[in-house]
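Below: the structure, in structure tokens.
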């Protein structure tokens, strides 16, 4: 088996070498045939002796003398044409076959040198005109490119909402043309370009996509899908956070360690105003809170929302800060009172449950703080020994109820 394989391998090698020796002269001859006119005429004459259709094919090929005669006949006919028409015909020939053009010009000049001086000048002027037009088109394209890049720099220097408005205004006014669209979106990073495209007027968005390459369109659509997917993830997470304690949420939503400011904005926009206010009222990073409000305003502006979540959230934060201050104030006072007197105050506040403070957040939503809520939050801040001493002043049933309410705050 091994010997047979070796034999086959040797035969293949011989075959390859043989084919190579045959192909090299054939390819060389073909190159010379098409590159050398004298060789082509002699080859055509020699190949007429081949049998059948091949010989007939080469026999019908024109000889050098026949080709020259055809050119002379063309020249004699062309020189009778009007100058404009002859100029057009020669311009077409010049564009397709420079060598044939030069040969015909020589023959035409022999026929009528005076007429050909005019024709040659007309051809020269047309060449200059074409070059000028070409140069003008290139200048226009270059200017359009520079304008598009200037517009791109301006758009990317703005906040996204302002960039969207500026783009729509420039597009509607014609300052941004359809030809500029691919330039602008190629110059803008995909993430920024996707956000810009996402918030542009829907009808305008379709026109823009139509003028983008399939690759760029697919890239932007992929980024937009990623943005929507991330928003849905954050909304699902918000539903979980609504059930978590304030202490847990301060660690998660009170810093930018786990979420960036854009993600936090989406979370707080979907978190209840009461819960969001409670968390932020305990956050000391005012710069982060300011950035959060700004980003929420930006998202609302982009979405064309009429509400003002940041204002309502800020009102909730302030209300909870006031409430927390009241708690701290009462803790200081109550801790100094005798437990018997304090028990009477606590009992009175638990029974009355009046609303002692309210804060309107939106037309539909307000915060309400009751006496019962206040006294329980105050007691929650007491030292365990003081709370235990206080509870001894209540009946067993009342003591159990009070302890349970404090624990569930």
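Here are a few things to note about the model shown:
- Residue 358 being closer than 22 Å to residue 312 by Cα and at pLDDT 90 or above: no
- Here is the figure for region 121-152: residues that are crowded, with 16+ Cβ neighbours inside 10 Å and not assigned by TED's automatic domain parsing to the domain that holds residue 179 total 2.
- From the list 138, 143, 192, the lone residue that is out of contact with any strand residue (DSSP E or B) (no Cβ under 6 Å at 6 or more places or on another chain) and within 19 Å of residue 209 (Cα to Cα) is 192.
- Taking region 239-254 as the range and being in a loop (DSSP other than H, G, I, E, B) and farther than 25 Å from residue 302 by Cβ as the test, the residues that pass are 243, 244, 245, 254.
- Qualifying positions in region 378-397 - out of contact with any helix residue (DSSP H, G or I) (no Cβ under 8 Å at 6 or more places or on another chain), under 12 Å from residue 343 (Cα atoms) and part of a helix (DSSP H, G or I): 388
- Residues of region 367-409 classified as surrounded by fewer than 16 Cβ atoms within 10 Å (Cβ to Cβ) and closer than 20 Å to residue 273 by Cβ, total: 2
- Matching residues in region 154-167 - criterion: being surrounded by fewer than 20 Cβ atoms within 10 Å (Cβ to Cβ) and outside any loop (DSSP other than H, G, I, E, B): 154, 156, 157, 160, 161, 162, 165, 166
- Checklist (1) at pLDDT 90 or above; (2) on the phi > 0 side of the Ramachandran plot applied to residue 353, failing item: (1)
- Unique match (being within 26 Å of residue 317 (Cα to Cα) and modelled with pLDDT under 95) among 231, 247: 247
- Region 393-409 residues that are without any contact (Cβ under 8 Å) to a residue 24 or more places away in the chain, paired with ones that are part of a helix (DSSP H, G or I) (beta carbon under 6 Å, 6 or more apart): 399/391
- Within region 197-215, being over 24 Å from residue 262 (Cβ atoms) and either assigned to a helix (DSSP H, G or I) or not assigned by TED's automatic domain parsing to the domain that holds residue 155 (or both) holds for 203, 204, 206, 207, 209, 210, 214, 215.
- With respect to being within 23 Å of residue 272 (Cα to Cα) and either in contact with a strand residue (DSSP E or B) (Cβ under 9 Å, 6 or more places away or on another chain) or outside the structural domain of residue 283 (by TED's automatic domain parsing) (or both), residue 319 fits the description.
One line per residue, one yes/no per condition, for (1) touching a residue at least 60 places away in the same chain (Cβ under 8 Å); (2) assigned to a helix (DSSP H, G or I); (3) within 21 Å of residue 364 (Cβ to Cβ):
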residue: 263; (1), (2), (3): no, yes, no
residue: 268; (1), (2), (3): no, yes, yes
residue: 283; (1), (2), (3): no, no, no
residue: 297; (1), (2), (3): no, yes, yes
residue: 301; (1), (2), (3): yes, yes, no
residue: 306; (1), (2), (3): no, no, yes
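- Considering region 168-187, the residues that are closer than 30 Å to residue 291 by Cβ and touching a helix residue (DSSP H, G or I) at 6+ places or on another chain (Cβ under 6 Å) include one that is surrounded by the most Cβ atoms within 10 Å (Cβ to Cβ), namely 185.
The values are calculated or read from the model by the stated rules, or taken from the named source; none is laboratory data. Everything numeric here is computed off the predicted structure, so don't read it as measured data. Counting neighbours? That spans all protein chains shown, and the Cβs are built from the backbone with ideal geometry, glycine included.
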